[in-house]
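One structure is given here, and the rest of the page talks about it.
The values are calculated or read from the model by the stated rules, or taken from the named source; none is laboratory data. Just so it is clear, the structure is predicted and the values come from calculations on it, not from any experiment. All Cβ positions, even for glycine, are placed from backbone atoms using ideal geometry, and neighbour counts span all protein chains on display.
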């Protein structure tokens, strides 16, 4: 059976359409999946800044472990820091970030949530932001949106524009694709 020129054109068009559809899905996955949002909007950990604020050996060692990429050691070291320790919020923030690095967002949520009841500080703002991002990473969309929405109204929050952008990303038509649910 000979392929007619028209059949060849149709097959090429079908192939091209298939490539375009796959490219669109790839783009959406890379930009709008929960994991992609976490990567784009997560705060960088600044071990040296945390070390300048802390005095407990466990937190200082955890900062060094984080800087060297030993995230399980961070978790192990921070387990010994109790809530009555003045460095507790730094410890929990570090462990939350370490849990995210090791793909354990449920544990990260617990760590970031434990920081919230300790007054108001820059570290708590960071932990609250990361809690929202962790909720999104875990698929707890409404909780994540609610926290992020608070930041869009707060003119003093340094991540206000990021909050506005992430809410826009969450409403993107690309997020409606079934592969991103």
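Among the residues of segment 77-103, those identified as farther than 16 Å from residue 49 by Cα and either under 23 Å from the mean Cα position of the chain (by Cα) or buried (at least 24 other Cβ atoms within 10 Å of the Cβ) (or both) are 77, 78, 79, 96, 98, 99, 100, 101, 102, 103.
Just to be sure, is residue 127 at pLDDT 85 or above, under 15 Å from residue 105 (Cβ atoms) and surrounded by 13 or more Cβ atoms within 10 Å (Cβ to Cβ)? Here the answer is yes, as residue 127 does meet what is asked.
Just for helices (runs of 4 or more DSSP H) wholly inside segment 1-74: which have at least 2 residues that are buried (at least 17 other Cβ atoms within 10 Å of the Cβ) and modelled with pLDDT of 80 or more?
Numbers: elements: 5-32, 34-41, 47-53, 57-67.
Answer list for segment 1-74: 47-53, 57-67.
Could you tell me whether any residue of segment 130-139 is modelled with pLDDT of 85 or more, under 17 Å from residue 42 (Cβ atoms), out of contact with any helix residue (DSSP H, G or I) (no Cβ under 7 Å at 6 or more places or on another chain) and assigned by TED's automatic domain parsing to the domain that holds residue 84? So far as segment 130-139 goes, no, none of its residues is modelled with pLDDT of 85 or more, under 17 Å from residue 42 (Cβ atoms), out of contact with any helix residue (DSSP H, G or I) (no Cβ under 7 Å at 6 or more places or on another chain) and assigned by TED's automatic domain parsing to the domain that holds residue 84.
Do the conditions hold for residue 92, that is, is it under 24 Å from residue 141 (Cβ atoms) and modelled with pLDDT under 75? I'd like the intermediate steps shown before the answer.
On the way: under 24 Å from residue 141 (Cβ atoms): yes; modelled with pLDDT under 75: no.
Here the answer is no, as residue 92 does not meet what is asked.
Figure legend. Inter-residue proximity from segment 45-63: first residues free of Cβ contacts under 8 Å to residues at least 12 places away in the same chain, second residues surrounded by 15 or more Cβ atoms within 10 Å (Cβ to Cβ) and in a helix (DSSP H, G or I), beta-carbon distance below 7 Å, spacing 6+ or different chains. Indicated pairs: 60/51.
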